[in-house]
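Report on the structure given below.
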């Protein structure tokens, strides 16, 4: 049981590390955001403006909100996030790989503990079932965490 808890802990920690992204404090990072990309701009006093990116200069950010252009001074911008696409296939494959590795470890541990007539010589089958089962579980988790979301690209 302890091996199972460790393996699951490693699985979820690995998934969290692989999907984590850190924001940047570099205003120039906004220049790489394509025009027309949906963005969310956080301003002081918990105000948020949402629209489509038009352009970025050294002093301001211009976005389209409700059919009009709005310029926001750089000094007022505390955070900028972009709307991301779901990456279902990538997350599914990452989940499958992590699951298969964890399943191999669990199956191998179970096969090592199990010896002689206790398991009837089915150690290889235990490893195979562990890999397949955990790969399926990892794939399902990968699909479940794949959704549209906001990714922070600038933070003051």
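Computed from label points 7 Å out along Cα-Cβ, the spacing between residue 148 and residue 28 is 3.2 nm.
Could you sort 91-97, 25-31 so that the peptide with the highest average Cβ count within 10 Å comes first and the rest follow in order? Present the calculation step by step, with values, prior to reporting the outcome.
On the way: 91-97: 19.9, 25-31: 13.0.
In descending order of packing, they fall as 91-97, 25-31.
Given R₀ = 30 Å, FRET efficiency for residue 122-residue 86 by Cβ-Cβ distance, to 0.05?
Numbers: r = 40 Å, r/R0 = 1.33.
The formula returns an efficiency of 0.15 here.
The stretch 126-156 and the stretch 61-81 have Cα centres separated by 34 Å.
Net length available on complete extension from residue 129 to residue 72 is 14.9 nm, with 0.36 nm assigned per residue and the Cα-Cα distance removed. Here the simple spin-label model places points 7 Å from the Cα toward Cβ, and for residue 155 and residue 65 these points are separated by 2.2 nm.
Given R0 = 22 Å, the distance between the Cβ atoms of residue 112 and residue 140 translates into a calculated FRET efficiency of 0.20.
Just so you know, all these numbers are worked out from the coordinates, no wet-lab data involved. Everything numeric in this text was worked out from a predicted model, so none of it was measured. Please note: Cβ atoms are built from the backbone with ideal geometry, for glycine as well, and neighbour counts cover all protein chains shown.
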